[in-house]
1. Can you tell me which of Asp95, Asp115, Asp51 moves the most in a GNM of the chain? Springs connect C-alpha atoms under 10 Å apart.
2. With a ≥ b ≥ c the root eigenvalues of the C-alpha gyration tensor of the stretch 115-223, is it rounded (a/c under 1.5), prolate (a/b larger than b/c) or oblate?
3. Could you report the stretch 23-76's accessible area per residue, 1.4 Å probe, as an integer in Å²?
4. At most 10 other Cβ atoms within 10 Å plus a DSSP loop assignment makes a site exposed; report the longest stretch of the chain without any exposed GluC sites (Glu not before Pro).
5. List the longest stretch of the chain that has no exposed loop site; here a site is one of the trypsin sites (Lys or Arg not before Pro) assigned by DSSP to anything other than H, G, I, E or B, with at most 13 other Cβ within 10 Å.
6. Based on the Cβ-Cβ distance of Arg22 and Ala269, what FRET efficiency does E = 1/(1 + (r/R0)^6) give at R0 = 35 Å, to the nearest 0.05?
7. On average, how much accessible surface per residue is there in the stretch 127-191, in Å², for a 1.4 Å probe, leaving out ligands, DNA and RNA?
8. Pairs to check: Lys182/Lys297; Lys146/Lys182; Lys244/Lys277. Give those whose C-alpha atoms are more than 22 Å from each other in this structure.
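The values are calculated or read from the model by the stated rules, or taken from the named source; none is laboratory data. In this text the structure is predicted, and so the values were computed from the model without any measurement. Cβ atoms come from the backbone with ideal geometry, glycine included; neighbour counts cover every protein chain shown. Side chains are part of the model used for accessible areas, which takes the heavy atoms of the whole protein and leaves out ligands, DNA and RNA. Shrake-Rupley method; radii C 1.70, N 1.55, O 1.52, S 1.80 Å.
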Amino acid sequence: MTGAPHVPVLIDQVIDALSPTRGDVMVDATFGAGGYTRAILATGAEVIGLDRDPTVRPHAEAVANDFPGRFRLVETAFGDLDQAVDQPVDGAVFDVGVSSMQIDEAARGFSFLRDGPLDMRMSGEGPTAADLVNTWEHGPLAHILKQYGEERQSGRVATAILRRRAERPFARTLDLAEVVEKALGGRRGAPIHPATRTFQALRIAVNDELGELERGLVAAEAALKPGGRLAVVTFHSLEDRIVKTFLAERSGNAPGGSRHLPQAMAAHAPSFTLLFKGAREGTEAEIVANPRARSAKLRAAVRTDAPAWGAAA
């Protein structure tokens, strides 16, 4: 039913950072197919899995059967991590962004290479990507393409989308991908598909991924016990910047430049210490075996006994 066990990226580095032991309670904040969860359970620890995607249920049932009494799934967004657990936890891991199994399923509408409904919702609730491209005005649409997709020609793409939707609304992924490709002048040997940034931007907007990440980090800070470990795997610069900034601030290592930050740091003792400097990346062998590891970055920290800074900070 669930096929071969899913092996997530940077699995060895993540387990090393979390250092789970028998009796620990860990949170896999992005359960997915259960790859991190299985590796953590194999050490004798317990796992609370979180995921807002209802399609992960078969994977969760398989894990629960293989590790009876040591795993449970909470169907919620990881931004509510602190509400989903009823006790301080020893560790939490985030694998941020869309999963390969979501991309591979054409019906989910995440991929510009597979024809499917223009959906992109991880939870199956709320507005779809089609709703965005068919109703948003030029300004807001161009803004998210530039901010979330880092699309340098966001205005041109937004103009092409509005012009085409005046003839008929968008409903399918390949339809949108074709319009974006034409707007940007085709591939012409481009290393990535011209629609890559547009699809990334729409996915992030539909699922509020960056806001969810910010909320999830604050929730993890509240849920981790002193000595608890946080490990976060990101796949693009927008996510990594949020994690890097959060951990730098909370560990007292943030650079100057903001007139607000020194006040916040003076008012709060560090709630984390960095487990290692900078970010760890995939090995050459792992990148060859799993190309998705090429863009993956791991950052990790240990919770101190200082009070959580909270969202206000």
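1. Asp115
2. Numbers: a/c = 2.02, a/b = 1.62, b/c = 1.25.
Prolate, since a/c reaches 1.5 and a/b exceeds b/c.
3. Heavy-atom SASA per residue in the stretch 23-76 reads 35 Å².
4. Numbers: sites that count: Glu125, Glu137, Glu167.
Formally, the longest exposed-site-free interval is 168-313.
5. It runs 23-151.
6. Given R0 = 35 Å and the Cβ-Cβ separation, E is 0.65.
7. Details: 3710 Å² over 65 residues.
Per residue, the stretch 127-191 has 57 Å² of solvent-accessible surface.
8. Flagged as over cut-off: Lys182/Lys297.
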